[in-house]
1. At 7 Å along the Cα-to-beta-carbon direction for both SER111 and PHE59, put a label point, then send me their distance in nm to one decimal.
2. Nearest 20 debye, what's the magnitude of the dipole of region 30-111 about its Cα centre given +1 on Lys and Arg Cβ and -1 on Asp and Glu Cβ?
3. Could you work out how far apart the two model spin labels at LEU24 and THR88 are, taking each label as a point 7 Å from the Cα in the direction of the beta carbon, and quote it in nm?
4. Please list the helices of the chain that count as membrane-span-like by this rule: a mean Kyte-Doolittle hydropathy of at least 0.0 together with Cα atoms stretching 24 Å or more along the helix axis, each helix being a complete DSSP H run.
5. Once the Cβ-Cβ distance between ALA17 and ARG81 is put in as r, and R0 is 41 Å, what FRET efficiency do you end up with, to the nearest 0.05?
6. So for region 10-112, considering every pair of alpha-carbon atoms, how many percent are separated by more than 21 Å?
7. Pick out which of ALA52, ALA60, ALA26 has the largest mean-square fluctuation in a Gaussian network model of the chain, springs linking Cα atoms closer than 10 Å.
8. Using DSSP to call loops (not H, G, I, E or B), can you name the trypsin sites (Lys or Arg not before Pro) in region 12-112 whose Cβ has at most 15 other Cβ atoms within 10 angstrom?
Amino acid sequence: MEDMQSQWVQLDQRIVALDDEMWLNAKEDDAARRLTTIPGIGVLNATASIAAIGSGAAFARGRDLAAWLGLVPRQMTTGGRPRLVGITKRGNKYLRKLLIHGARAALPALSS
């Protein structure tokens, strides 16, 4: 039991060290620092977003990014008439999960 407890303590120390390292990386990166000012976006969300999306230049508008993540339906336009084709959930599952949890955490503070 003592051996298992010592392993548990070592894992806790490693998690704290990795969290500190991630916090320092986010503090040094200008984009991550700006993202963390958004309610519900913390260090994990910011660094995961930057890792998955980069600068975001591949997306023409925010809706395209949200559709890529699987948060909103994809929009197809034919003849100037938009049509929503459905939510595919093909994007980054981890990032989508982080954003949804961040939004749920920020919602009570924003509604009051």
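Every number here is computed from the coordinates shown, using simple stated rules; none is lab data. From a predicted model like this one, the values you see are computed outputs, not experimental measurements. All Cβ positions, glycine included, derive from the backbone under ideal geometry; neighbour counts span all protein chains shown.
1. In this crude label model, SER111 to PHE59 measures out at 2.5 nm.
2. Using only the charged Cβ atoms, the result is roughly 320 debye.
3. Roughly 4.0 nm, to one decimal.
4. Details: long enough: 2-28 (39 Å, -0.79); 93-111 (27 Å, 0.35).
In the chain, the long hydrophobic H runs are 93-111.
5. In this case the efficiency is close to 0.15.
6. Cα-Cα pairs in region 10-112 separated by more than 21 Å: 46 percent.
7. Of ALA52, ALA60, ALA26, the most mobile in the Gaussian network model is ALA60.
8. When the trypsin sites (Lys or Arg not before Pro) of region 12-112 are filtered for loop state and at most 15 Cβ neighbours within 10 Å, ARG61, LYS89, ARG90 remain.
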